[in-house]
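One structure below.
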Amino acid sequence: MGRPREFDMDEALDRALEVFWRHGYEGATIPDLTAAMGINRPSLYAAFGNKEALFRKALERYRAGPIAFAREALAEPTARRVAESLLCGAVRMASDDSKPRGCIMVQAALTCGEDSEPIRRELAEGREAAVVAIRERFERAVREGDLPAETDCSALARYLATVMNGLSVQASGGATCDELRRVAELAMRAWPG
């Protein structure tokens with residue numbers, strides 16, 4: 001019979017998330033992860049599986065926490081409010097000084113090499129799923145008369161996702177919250193209708 005775990009799984013997962021967020025999937029080493037999590041290598045493998053499995057668990061935590069604003073934004077009553085909420089949420093999240101700058105869905109994918117192709121592909125699929133969710137919300141807005149009938153919902157959703165991803169890249173490069181907010185405001189000037 002194994003010994004009981006002597007660490008808080010949620011806290012360890014939060015620390016792993018920060019390491020992956022800061023260094024990307026490939027840049028996060030097992031020694032970095034174990035040091036941040038306060039556990040040894042055998043404990044990491046016993047509790048979370050391999051590095052890839054740990055990353056996926058950290059990504060689930062990220063979706064439930066730092067980017068949960070996106071799910072809430074899609075429930076806004078108008079398409080314009082959806083877009084504003086997504087952009088404001090992206091600015092807040094990407095420039096939050098208590099967390100690594102940027103977005104793990106963008107940062108980690110940009111640093112993946114051939115050996116990490118499954119992770120890169122999974123992150124790309126996650127970003128594409130966000131575009132689809134936004135497009136579907138905009139299509140509903142067209143049906144409800146909230147957006148003009150001629151609106152290209154697919155292009156509008158991809159535009160919004162591109163701006164959000166760009167905000168993340170700019171934040172990781174040091175752009176301030178004010179600078180990011182001005183970009184979001186400028187993006188909203190292109191709003192249809």
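Structure notes:
- Cα shape, segment 103-193, gyration tensor, a/c 1.5 rule: oblate
- Whole-percent carbon and sulfur share, accessible surface of segment 1-157, 1.4 Å: 49
- In loop segments of segment 120-152 as defined by DSSP, the GluC sites (Glu not before Pro) with at most 12 further C-beta atoms inside 10 Å of their C-beta are Glu144, Glu150.
- Here the Karplus curve 6.51 cos²θ - 1.76 cosθ + 1.60, taken at θ = phi - 60°, turns the phi angles of segment 18-27 into couplings of 4, 5, 5, 5, 6, 10, x, 5, 6, x Hz, with x standing for Gly and Pro.
- Restricting segment 3-69 to chymotrypsin sites (Phe, Trp or Tyr not before Pro) that sit in a DSSP loop and have at most 16 other Cβ atoms within 10 Å of their own Cβ leaves Phe7.
- Coil-residue GluC sites (Glu not before Pro) of segment 1-110, DSSP, other Cβ within 10 Å capped at 12: Glu6
- Charge dipole (the chain, unit charges on Cβ, about Cα centre) - positive-most of Leu167, Gly102, Ala16: Ala16
- Dipole magnitude of the chain about its Cα centre (Cβ charges: Lys, Arg +1; Asp, Glu -1), debye to nearest 20: 120
- Within the shell of other residues whose beta carbon sits under 10 angstrom from the beta carbon of Ala83, the net charge comes to +1, with Lys and Arg scored +1 and Asp and Glu -1.
- Here segment 1-123 is described by how far its Cα atoms reach on the three principal axes: 56, 34, 25 Å, from widest to narrowest.
- Per residue, the chain exposes 54 Å² of solvent-accessible protein surface, assessed with a 1.4 angstrom probe and all protein chains in place.
- Assigned charges on the beta-carbon of Lys, Arg, Asp, Glu; segment 58-151 dipole about Cα centre (debye): 260
The values are calculated or read from the model by the stated rules, or taken from the named source; none is laboratory data. Because the structure is a prediction, the values reported are computed rather than measured. Note that we place each Cβ from the backbone using ideal geometry, even for glycine, and neighbour counts take in every protein chain shown. Protein only, heavy atoms only, side chains kept; ligands, DNA and RNA dropped before computing areas. Shrake-Rupley method; radii C 1.70, N 1.55, O 1.52, S 1.80 Å.
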